[in-house]
Amino acid sequence: MLPPGKTYDDKSVLGIFLDEQMIGCIDLVRGYPDASSSFLGLLVIDERYQRRGLGSAAYGRLEQWIRDQGVCDRVRLAVVGVNEPAIAFWESVGLVPTGETKPYRHGRVVSELVLFEKSLRPPADDW
Ligand SMILES: CC(C)(COP(=O)(O)OP(=O)(O)OC[C@H]1O[C@@H](n2cnc3c(N)ncnc32)[C@H](O)[C@@H]1OP(=O)(O)O)[C@@H](O)C(=O)NCCC(=O)NCCS
């Protein structure tokens with residue numbers, strides 16, 4: 001899926017590998033919702049490999065990959081409000097709620113999407 005106004009040239013789907021085995025994936029759209037943001041549609045780790053630090057390690061590499069491209073300096077994503085493990089995960093890697101929410105409904109799940117973001121800019125130089 002693509003957000004409005006974006007094309008597949010803006011999108012990357014990345015595999016997360018442990019040795020030779022694919023254990024997860026990442027879906028990322030560059031330049032959404034604004035030119036300096038990368039929007040993370042999904043980061044998933046195979047259930048058998050969760051809680052071993054692999055999601056954090058994969059996210060850390062993703063941040064570096066975004067920084068190295070030199071285009072976007074912010075990561076944004078939306079989490080379903082009832083997905084408490086995911087919220088705990090994103091907070092553990094430094095994302096913070098923006099205060100924005102949107103209604104969410106999928107089958108019997110009625111919740112809200114909670115927007116999170118993280119600046120990738122270097123800390124301000126206080127000298
Ligand atoms: C969210 C997800 C990617 C985390 O991956 P992971 O490899 O298990 O995460 P890590 O082992 O790196 O966990 C880092 C920290 O996140 C938090 N965390 C991760 N899973 C958690 C859980 N189930 N409950 C509470 N906190 C959790 C903890 O603070 C954890 O640190 P700790 O293990 O030292 O306590 C994984 O659970 C997943 O794929 N979930 C399904 C898909 C999903 O919801 N993705 C996010 C929405 S896009």
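What the table below lists for this structure:
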| quantity | calculated |
| --- | --- |
| Spacing of the two label points (7 Å from each Cα toward its C-beta) at Ala35 and Gln21, in nm | 4.5 |
| Residue among Gly53, Gln21, Val79 farthest towards the positive dipole end of the chain, charges placed on Cβ | Val79 |
| Cα pair count fraction exceeding 21 Å, expressed as % - the chain | 44 |
| Ser37, Ser56, Ser92, ranked by accessible area, largest first (probe 1.4 Å) | Ser92, Ser56, Ser37 |
| Restricting region 51-127 to trypsin sites (Lys or Arg not before Pro) in coil, as DSSP defines it, with at most 14 other Cβ within 10 Å | Arg51, Arg52, Arg108 |
| Computed accessible area, Lys6, all protein chains, 1.4 angstrom probe, square angstrom | 50 |
| Carbon/sulfur fraction of accessible area - the chain, other protein chains in place, 1.4 Å, % | 53 |
| Expected 222 nm ellipticity per residue - DSSP helices of 4 or more, -39500 (n - 2.57), all of the chain, to 500 | -6000 deg cm²/dmol |
| Cα→Cβ-extended label distance, 7 Å offset, between Glu47 and Thr98, nm | 3.2 |
| Separation of alpha-carbon centers, region 3-34 and region 65-127, rounded to whole Å | 15 |
| Karplus (6.51, -1.76, 1.60) ³J(HN,Hα), θ = phi - 60°, over region 86-99, in Hz, Gly and Pro reported as x | 5, 4, 4, 5, 5, 5, 5, 9, x, 7, 10, x, 7, x |
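The values are calculated or read from the model by the stated rules, or taken from the named source; none is laboratory data. Predicted, not measured: the structure shown is a model, and the values here were computed from it. Neighbour counts run over all protein chains shown; Cβ positions are idealised from the backbone, glycine included. Accessible surface areas use protein heavy atoms only, side chains included; no ligands, DNA or RNA. Shrake-Rupley method; radii C 1.70, N 1.55, O 1.52, S 1.80 Å.
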